[in-house]
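Have a look at the structure below before the remarks.
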Amino acid sequence: MELTILLFLLGGLFLGWSLGANDAANVFGTAVGTRMVNFRTAAIICSIFVILGAVISGAGTTETLGKLGAINALPGAFACCVAAGFSVYLMTKSGLPVSTTQAIVGAIIGWNIFTGSSIDFGVLTTIFATWIICPILAGLISIGIYIGLKKFIAASKIHLLRLDAYTRAALLLAGAFGAYSLGANNIANVMGVFVNISPFTDINVSNFFIITSVQQLFLIGGLAIAVGVFTYSKKVMFTVGNDLLKLSPLSAFVIVLSHSIVLFLFASQGISSFLTSLNLPAIPLVPVSSSQAIVGGVIGIGFLKGGKEVKWSVAGKISIGWVVLPIITMIIAMFILYILTYMFNLNVVF
Amino acid sequence: MFGLKTSKISLFSDTKKLEKDIDEFVNILSEVGLAFKSIVRTYLTHSKNGNFDEMVEKVTEMESKADTITKEIEHALYEETLIPDARSDVLRLLEHLDELIGMYQGNCYHFSIQKPDFPEEFHEDLIGLTETVVSCVESLCLTVRSFFRDTKSVRDNAHKVTYFEKESDIKFSSLARRIFNSDLKLDQKMHLRYFVEKIDRICDQAEDIADELIIYSIKRSV
């Protein structure tokens, strides 16, 4: 592999690190914030399952993102990743749970504008629509699960301590599922722009199975996410777990589960094909925002409890972050593309 | 990976042990009450009987066992960071229940050391008061158990505690009035009043704990 290719890939790895630091924090944020799972355990499980999700099921959303802007030159992909990674880093630094999804979409639009490529407004509308649907859906799912779970617990009369142990185990399982879904849904943000220009070749492992070039790309992206989880996600975990609403361990579990379900729904090619086979409208395979899913879940539980305990100022701050992030990323991306084109004489589009 | 698996297994076994410890602790509270009831009756009827001292000694042993269990539970809850949202409530609850056991034990000791001279005319009333106090604490034991397993029943059981506390207040006032209206010397009246009041206080403490439990259960339900 050429050194320049590796250098450009670093942009994607930087974005992967940002995703680990911010989005992955959402998955275990409520569990760590409520002190039900310690950070180290959360980080280990999160890393393993993000990588598995990315490598095994990451292809679906990548296709959709590719439709939005088929970035066909490594410097262009590099610019988009660095812009997205940098803006997510800025938000992470201020403890705001934003999403690499919003950032990378902003960056791709920036690339489209800069290079004069056409924007597929159909895809863009679908992506924007899912950003609205995603938190609402997560909120509704969390309300449904919470009500059902409360009834079940009241009827089963489980001892407080046993309930605590079950909740811990459930949080770990839901977190693992969430991390897998995040890897599957969001790896497109990190490595999607490199798919068309992957520097890897397929590896045949003893004629047993083939690790495709895309899977290799997703594997190193997954590893970058894992590094982000370990090095920088703690602060966001506590914001998600404590600042927005004082959560009980049970609520924490419900929120992680509803978040994971939403992410899985928008990443599962299987469910989408199944719905199509039943002549039902297919779920668009779109990289949704894990932050929006988590915040939607938290606010859903808050509503169920009367809405008084939700810190709306924090919710407002997070929402503003969601609107501002794609715009900032778009501007930063265009700025980097400008520098690469006119100062380094690199082709950002073919 | 294996480390995580082992810690999960240990979490479930620790939980089972803790559940058992808490149940045992509540059993001790209940048994100490029953023992106290027998001790008062034995004292009044056969105060010179050696059986009384043995019973007091048994209560002391139970109290010390309860102390040990409390410490074990406290350590386990902190070391394993269990029930983070309800931990402080549970620890405060155990502390207050332990104080209740201490109050029973204190009463037994005072009977054993000070040997108050209750004339026979007050025996029935004192036994009645003691029985009400023990029933009050029995209801508290049910409230505690329901807090851990069935929060919906906490209010019902706590209501019984309040009922017995009021009964106890009535019996205490009536007995105290009868003592002070009697022909006993003032120093003896004061001495007897001290004992009656100390027994009645057990109910006050039980009611305070029941009130706390209602709050804790509301916290758990939201």
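The values are calculated or read from the model by the stated rules, or taken from the named source; none is laboratory data. Please read these numbers as outputs of a predicted model, since none were measured by experiment. So basically every Cβ, Gly included, is an ideal-geometry build from the backbone, and we count neighbours across all protein chains shown.
Here are the numbers for this structure:
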item: Filter result for residue B:92 (basic (Lys, Arg) and in contact (Cβ under 8 Å) with a residue 24 or more places away in the chain); result: yes
item: Residue within the stretch A:235-247 that is under 30 Å from residue A:74 (Cβ atoms), over 16 Å from the mean Cα position of the chain (by Cα) and more than 14 Å from every other protein chain (Cβ to nearest Cβ) present; result: no
item: The one condition in (1) more than 22 Å from residue B:172 (Cα to Cα); (2) more than 15 Å from the chain's Cα centre (by Cα); (3) surrounded by 14 or more Cβ atoms within 10 Å (Cβ to Cβ) that residue B:96 fails to fulfil; result: (2)
item: Some residue of the stretch A:299-318 being over 23 Å from residue B:85 (Cβ atoms), surrounded by 14 or more Cβ atoms within 10 Å (Cβ to Cβ) and in contact (Cβ under 8 Å) with a residue 40 or more places away in the chain; result: yes
item: Single residue of A:138, A:154 found to be part of a helix (DSSP H, G or I), more than 16 Å from residue A:332 (Cα to Cα) and at pLDDT below 90; result: A:154
item: Those residues of the stretch A:267-289 which are among the hydrophobic types (A, V, I, L, M, F, W, C) and touching a helix residue (DSSP H, G or I) at 6+ places or on another chain (Cβ under 8 Å), in sequence order; result: A:267, A:271, A:282, A:283, A:285, A:286, A:288
item: Any hit, the stretch A:2-17, residues being out of contact with any Asp or Glu (no Cβ under 7 Å at 6 or more places or on another chain) and not in a helix (DSSP H, G or I); result: yes
item: Members of the stretch A:190-247 that are of a type in the set (S, T, N, Q) and touching a helix residue (DSSP H, G or I) at 6+ places or on another chain (Cβ under 8 Å); result: A:196, A:198, A:201, A:215, A:231, A:233, A:239, A:242
item: Filter result for residue B:193 (touching a residue at least 12 places away in the same chain (Cβ under 8 Å) and either part of a helix (DSSP H, G or I) or in contact with a His (Cβ under 7 Å, 6 or more places away or on another chain) (or both)); result: yes
item: Residue that is nearest to the other protein chains (Cβ to nearest Cβ), among those in the stretch B:152-171 that are under 17 Å from residue A:154 (Cβ atoms) and not polar (S, T, N, Q); result: B:152
item: Residue identified as free of Cβ contacts under 8 Å to residues at least 24 places away in the same chain, in a helix (DSSP H, G or I) and of a type in the set (A, V, I, L, M, F, W, C) among B:164, B:180; result: B:180
item: Only listed residue being within 14 Å of another protein chain (Cβ to nearest Cβ), of a type in the set (S, T, N, Q) and assigned to a helix (DSSP H, G or I), chosen from A:126, A:167; result: A:167
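Listed here are the residues, each with its yes/no results for (1) over 25 Å from residue A:250 (Cα atoms); (2) within 16 Å of the chain's Cα centre (by Cα).
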site	(1), (2)
A:265	no, yes
A:278	yes, no
A:312	no, no
A:324	yes, no
